[in-house]
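Below is one structure, written out as structure tokens; comments come after it.
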Amino acid sequence: MEDLRIGIIGFGARGSLSRHAHKPGEGSRVTVVVDPSERGREDARARFGDEVAYVASVDELLAEHEVDAVMILAPDFAHAGIALQTLGAGIPTFTEKPMAIRVEDTDAMLQLAMEKRTRLFVGHNMRHMPVIRQLKAIVDSGRIGRVRAIWCRHFVGAGGDFYFKDWHAERARATSLLLQKGAHDIDVIHWLAGGYTRRVSGIGDLAVYGDISDRRDNSDRRMWDWFDAETWPPTEQKELNPTIDVEDISMLNMTLDNGVLASYEQCHFTPDYWRNYTVIGDAGRIENMGDGGGDQIHIWESRKGGPGSPDAVEVIDRGDGGHGGADPNLVGEFLRFVREGGATDVSVIAAREAVATGVYGAESIRHGGVPYDIPEVPAEVRAYFDGGQA
């Protein structure tokens, strides 16, 4: 089996994901890296060496290099523009989540990929995280009956460092952190519920970081250059992005097309950093207590007074690799998809629906909590992608 030739576009915060595609002699290898910054290209060179080509633009890649697939690991606001170039060129395309930061861009990507019959894949790695796969297996087993409600609380303890010192803090380049962070959780809610949000409303605020006056243009640095786990409380953060106009706390209520009710809460100034999912069926409920290997999923299947002890406990598996083994499994699924096509655990339609829920949820927050109906993907487009892009 000849190695697939992989082009990497963007070598910043998620550049490390590319190492799972560089397995010379084992089916795939990185042959070219695109990054507009000299630092990005040099960081990539330090990882891959001189056998890989390094260019500054996607135009150079398309004009000068033949690749079998690309992985777009650029910032969120660049995903759609790059993907439209590579899809238009007929190159199977992996783009990191969120799929895009505007619904019209996600729909343009779907339409072009379908017209060109170019394979499109979105990197929702949480579908490969042990905690999520185990929650999904319990739901699918019927153990808690039919799912009626899902609640998700996301405590983003590193929010000040991760999302308020660079472009993530700007609506113009992120739309909302309901995309950068929430796209993961909304996608998981949809996957566990077996449906998509059709109406959303929300409340939120820029409660903490907007009041901090210590600002700096950090475009000459990257997140690990400024990250300091000892900074506490959040009001002690320094050198925040000059522009901050995204919310640091958001709460959404969602009505899904199959009748499931869901809520999503995200806070960027908590002391702890983890996700908690509660799935309530008509015969029980499950809840993860921690989201890493060795943590637990609690299962309630009988009536109890007070919190009590769960009826059963399932220990979350420990995976090898980033995000509990999710990253290597995600890239492996993409590479298999490039070669063979067919169904994948990651869903392009679900990726679009996660973006749409986040975008319209942000609109609701910014317009007094008024509910928004989310436009559906045309039936023929959904059928094409749900059918494995055959």
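The values are calculated or read from the model by the stated rules, or taken from the named source; none is laboratory data. Fair warning: this is a prediction, and the values are worked out from it, not measured in the lab. Counting neighbours? That spans all protein chains shown, and the Cβs are built from the backbone with ideal geometry, glycine included. Quick note on the areas: whole protein, heavy atoms, side chains included, nothing else; ligands and nucleic acids left out. Shrake-Rupley method; radii C 1.70, N 1.55, O 1.52, S 1.80 Å.
The table for this structure:
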item	result
Scope the range 25-47; condition of a type in the set (A, V, I, L, M, F, W, C) and either in contact with a Lys or Arg (Cβ under 9 Å, 6 or more places away or on another chain) or at pLDDT below 95 (or both); matching residues	V30, V32, V33, V34
Evaluation of S364 against (1) hydroxyl-bearing (S, T, Y); (2) in a loop (DSSP other than H, G, I, E, B); (3) open to solvent by less than 60 Å² (accessible area, probe 1.4 Å) (one fails), failing number	(2)
Every pair of residues 6+ apart whose Cβ atoms lie under 8 Å, when the first sits in the range 72-90 and is hydroxyl-bearing (S, T, Y) while the second is buried (at least 24 other Cβ atoms within 10 Å of the Cβ)	T86/I9; T86/V70; T86/I72; T86/T93
Some residue of the range 60-67 being under 28 Å from L177 (Cα atoms) and of a type outside the set (S, T, Y)	no
Residue within the range 39-54 that is assigned to a loop (DSSP other than H, G, I, E, B), aliphatic (A, V, I, L, M) and open to solvent by less than 40 Å² (accessible area, probe 1.4 Å) present	yes
Filter result for D245 (surrounded by fewer than 17 Cβ atoms within 10 Å (Cβ to Cβ) and under 24 Å from the mean Cα position of the chain (by Cα))	yes
Unique match (being touching a helix residue (DSSP H, G or I) at 6+ places or on another chain (Cβ under 6 Å) and among the acidic types (D, E)) among D217, D295, D211, D291	D291
Matching option when the condition is open to solvent by 10 Å² or more (accessible area, probe 1.4 Å), of a type in the set (A, V, I, L, M) and under 22 Å from A183 (Cα atoms), among A343, A326	A343
Failed criterion for D220 (all others in (1) touching a residue at least 40 places away in the same chain (Cβ under 8 Å); (2) in a loop (DSSP other than H, G, I, E, B) hold)	(1)
Candidate set from the range 376-390 (those that are in a loop (DSSP other than H, G, I, E, B) and touching a strand residue (DSSP E or B) at 6+ places or on another chain (Cβ under 9 Å)); member that is most open to solvent (accessible area, probe 1.4 Å)	E376
Residue list for the range 242-269, restricted to those being assigned to a loop (DSSP other than H, G, I, E, B) and within 28 Å of D187 (Cα to Cα)	I244, D245, V246, E247, D248, D257, N258, G259, V260, H268, F269
